[in-house]
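Here is the structure we will look at, set down as structure tokens.
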Amino acid sequence: METINKKIQELAKKGEKEKIIEFLSHNKAEMRLSAFLALANETDFEIVRELKKLLHDPDSYVRAFATLHLGDFGQESTTENLKIIFKEGTCNNKLDALRLFTTDDLRKYPEMSVLLRYAIKDRNIRVKGEAIKTIALLKDAHFIGDMVECLKSKQPAIRLHAVHALGEIKDEDVVNPLLKALVDRNEEVSKAALTALRSLGKEDLIEDAPLILAIKKMEGTTRSRIDTIKKITQGNIKNGNLVLLMALADDYKEVRIEAIKALVKLKDKSAVKKLKEMLDDQYQAVRLEAVRALSHISDKNDLDWLTKAMNDANKLVRDEAKKVQSSLKFQRG
């Protein structure tokens, strides 16, 4: 559908722009698109005005293509039109769409982040890679979680792009993912993580051999990961709390629960933010442990998490939250 119709090609060769403009209102979508493509590079005001009419074309694909060339992120219709490209377009269409993100400030238009996440999840490695590069250019901390997911990719190139992006974001929350990337099985990814951590001034962590060894062990079996967590609670590993914070994102709930318990034993108040996030865990056993942990190490004046826990879908979690509330009321007299 992206090839220009032969008849329109002939008109373009002859420079008969007025006749091509007539095809912009043709009853067939492929003819309208062909006419648009033939005139897409024109700068004449009247021609551009006619081309812009296709931003509201009845055919979704024609609208999407018009948006790709003429769309404004400030227009409400742009998001929906670009969705068509990320869902149905070719690899080149998607790459062209991603280039739009580098010419506008994405943070002005939050809805555009939805489109960028479409691209991050694309099956095509070129599209996925370009999306991650775009995030590196934007330096937007809202995408840290997305980059952490990309570090789990089986493709070294995707993991490498994700490490570069995290290094560019330069937020404190990128330190743990980069530490984990230090022990990546791919040497290039590992070196990139090392460079990123140095640029963040984390030389002390890089040179902490017991810490790096503990991170490496967290790549082992479930038993090995739990044993590593228990060893950290003995206080033998400086900065061991960083490993525990990583473990909160472990795929196995048993590991996450052990990590929560360990953070309580270490009385690590820096973990409060992450523990609050654990109240959204899919398993009630994890949420229950998070409530218990927060009751011990969170600030008694910071109880927004308690309200959330008291409204949990699971009765055990709700009951535990009520116990905490009752205890606090008793302490306050």
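The values are calculated or read from the model by the stated rules, or taken from the named source; none is laboratory data. Not measured: the values here are computed from a predicted model. Glycine also receives a Cβ, built like all others from the backbone with ideal geometry; neighbour counts cover every protein chain displayed.
Of note:
- Residue list for region 3-49, restricted to those being surrounded by 13 or more Cβ atoms within 10 Å (Cβ to Cβ), assigned to a loop (DSSP other than H, G, I, E, B) and in contact (Cβ under 8 Å) with a residue 24 or more places away in the chain: 4, 5, 40, 42
- Number of positions in region 220-268 that are charged (D, E, K, R) and under 13 Å from residue 293 (Cα atoms): 6
- Within region 274-285, none of the residues are of a type in the set (Gly, Ala, Ser), modelled with pLDDT of 95 or more and under 22 Å from residue 211 (Cβ atoms).
- The number of residues in region 5-50 being of a type in the set (Asp, Glu), over 20 Å from residue 70 (Cα atoms) and under 42 Å from the mean Cα position of the chain (by Cα) comes to 0.
- Filter result for the condition that a residue is among the aliphatic types (A, V, I, L, M), surrounded by fewer than 21 Cβ atoms within 10 Å (Cβ to Cβ), in a helix (DSSP H, G or I) and modelled with pLDDT of 95 or more, over 316, 306: 316
- Output for region 274-293, where each listed residue is crowded, with 20+ Cβ neighbours inside 10 Å and more than 19 Å from the chain's Cα centre (by Cα): 275, 286, 287, 288, 289, 290, 291, 293
- Here the condition is being surrounded by 21 or more Cβ atoms within 10 Å (Cβ to Cβ), touching a residue at least 12 places away in the same chain (Cβ under 8 Å), part of a helix (DSSP H, G or I) and among the charged types (D, E, K, R); of 83, 94, 52, it holds for 94 alone.
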